[in-house]
Amino acid sequence: MAEAPRKLAAIDIGTNSIHLLLVQIDGRSGKFKVIGRAKEPVRLGAGSPDLKHLSEAVMAAGIEAISKFKAMADAAKAPLRAVATSAVREALNQAEFIRRVQAQTGVRVEVASGFEEARLTYLGVMQALPVFAKRVLLIDIGGGSTEFLVGDRGQILFDNSLKLGAVRLSQRFFPTGKIERGAVTQCRDYVAGTVFPVVRELQRASYDVAVGSSGTIQAMARMIRGMRRESTTGMTNAFVIQRAELKKVVGAITKARTVAERRRLPGLDPGRADIVIAGALIVEQIFAELGLRELTVSDFALREGIIVDSIEKSRRRGRPDHEGDIRWQSVLHLAEHYQYERGHAAQVAKLALSIFDQTASLHRLDAVAREYLEAAAVLHEVGGYISHARHHQHSYYLIKHAELLGFTENEIDVIANVARYHRKSHPKMTHDGYARLNPEEQLLVRKLAGILRIADGLDRTHSGVVSAVTCRILKGSVHFSLQHRRNASVHLEEWAAGMKRQLFEETYRTRAVFGSQT
């Protein structure tokens, strides 16, 4: 079993703030201890209607914060992982921001879907509170979105992400920071209407405890402490927000009609005074619509979940099985949902991985890329659920818009593109899905799709007639020797693989030669 790195760093690129978390890892248990934190209130979601565009000013501020945090991680010799949420996820110029971050700081930004954000937050919460053995309703309120999740012993039973956040609704209902006539009522109605689909779903779910996480929830906890005349500093972990006390705090917030008045409220971080109204109303309405009596606060959330997820991935790598792997289970669930041809998918995946392993000196890719190839191989024909004609394009669409838990949006984009190019046209810059990838991801897609096309050709008859493939790498060529059952013909498989070898040859700058043996 691979041992986790001694230190890790996580950057949470949120809508309101950008956070850094530095941890020390116990290589035997996989547990971590926090050794450093930092925060920059960048407000990536500010100044754009409905978080559709990252302004030049916020991009520059975000890059500066990430650069500083990268330097801190480097000084601690901590491998770094950066995950962005709602503001970057929804921005039309997302690709430009990610490209500039990598060019100027060397940090590769992953974009989490709302569902993946909920999963990572759940991982973090389970490190902060003794809730693993309980059925948990998790509510995570951020600057741009609110995530809901029901989990039990690490398994996700329900999750959803809504465009409700303290920054987003502040810009919509309280753009000047001042409470205008009717704005509170309008905001309450909007939140109630938006959460209704989740409320309807959760009426069919049972849970033992409700847990809340992230800045808005913690702000409510500290304000309740201030109202009690208790200390408002320090941790809020395991603090229980009662409905009656929340109502009093929301009342105090809505009576303070200006930012200056709210800054004087006990327990409130002055930096949140302009967005606390919207955040408080989100919490209030969730309590009301779900009939909550109390909510337990978790001080751990997304960034701690990033650390847990990174540790789990490092410990899984090199393991031959998929037991307990949520990424693999989500791939299979998607394939089964679209009634995939199980035997053909398994055969193509087996051959693709065999070719990948034997051509490592050519592609020089890692275990993560191997995982992408396996996922794409299993899912490459799910588009046939819609129509066989152009099923490769349908496969791209279905994968791209799927809830593949455990994968970030960047990773899903790569898998979807690899599956899309298992047949027909090669990757082109005129294809929007491919053009949106960065150059490194585009090369990765070409390398993996080149292998997948050959593997798919080697099961042309969908009969599993090729039992194994042996690759010999020679100067200027790769020889694929096909093993098959005695008296079985692989003529169509050789022909199909030969017809589909061009992308492999172009990408690896070598010839592909096919032959058979019994």
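Okay, here's what the table says:
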| item | result |
| --- | --- |
| Among residues of the range 352-398, those that are of a type in the set (A, V, I, L, M) and under 12 Å from H422 (Cβ atoms), counted | 7 |
| Qualifying residue in the range 259-271 (condition: at pLDDT 95 or above, basic (K, R), under 27 Å from F174 (Cα atoms) and open to solvent by 40 Å² or more (accessible area, probe 1.4 Å)) | yes |
| Those residues of the range 148-164 which are open to solvent by 20 Å² or more (accessible area, probe 1.4 Å), assigned to a loop (DSSP other than H, G, I, E, B) and over 17 Å from F407 (Cα atoms), in sequence order | R153, K163 |
| Qualifying positions in the range 237-258 - within 13 Å of T296 (Cα to Cα), part of a loop (DSSP other than H, G, I, E, B) and either of a type in the set (A, V, I, L, M) or at pLDDT below 95 (or both) | A238 |
| Qualifying helices (runs of 4 or more DSSP H) (wholly inside the range 383-465; at least 3 residues being β-branched (V, I, T) and closer than 22 Å to L351 by Cα) | 409-420, 439-457 |
| Neighbours by Cβ (under 7 Å, 6+ apart or cross-chain): first from the range 481-495, over 17 Å from A455 (Cα atoms); second surrounded by fewer than 13 Cβ atoms within 10 Å (Cβ to Cβ) | R486/T518 |
| Any chance H391 is without any contact (Cβ under 8 Å) to a residue 24 or more places away in the chain and surrounded by fewer than 23 Cβ atoms within 10 Å (Cβ to Cβ) | yes |
| Pair list, Cβ under 9 Å, 6 or more apart: the range 422-445 residue closer than 23 Å to R108 by Cα, other residue open to solvent by 80 Å² or more (accessible area, probe 1.4 Å) | G433/Y397; Y434/K428; A435/K428; A435/M429; N438/R99; N438/R108; E440/R108; Q442/M429 |
| Single unsatisfied condition, M220 versus (1) closer than 17 Å to V276 by Cβ; (2) assigned to a loop (DSSP other than H, G, I, E, B) | (2) |
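The values are calculated or read from the model by the stated rules, or taken from the named source; none is laboratory data. Computed from a prediction, not measured in an experiment: that's the story for all the values here. Note that each Cβ is placed from the backbone with ideal geometry, even for glycine, and that neighbours are counted across all protein chains shown. Calculation scope for accessible area: heavy atoms of the full protein, side chains included, ligands and nucleic acids excluded. Shrake-Rupley method; radii C 1.70, N 1.55, O 1.52, S 1.80 Å.
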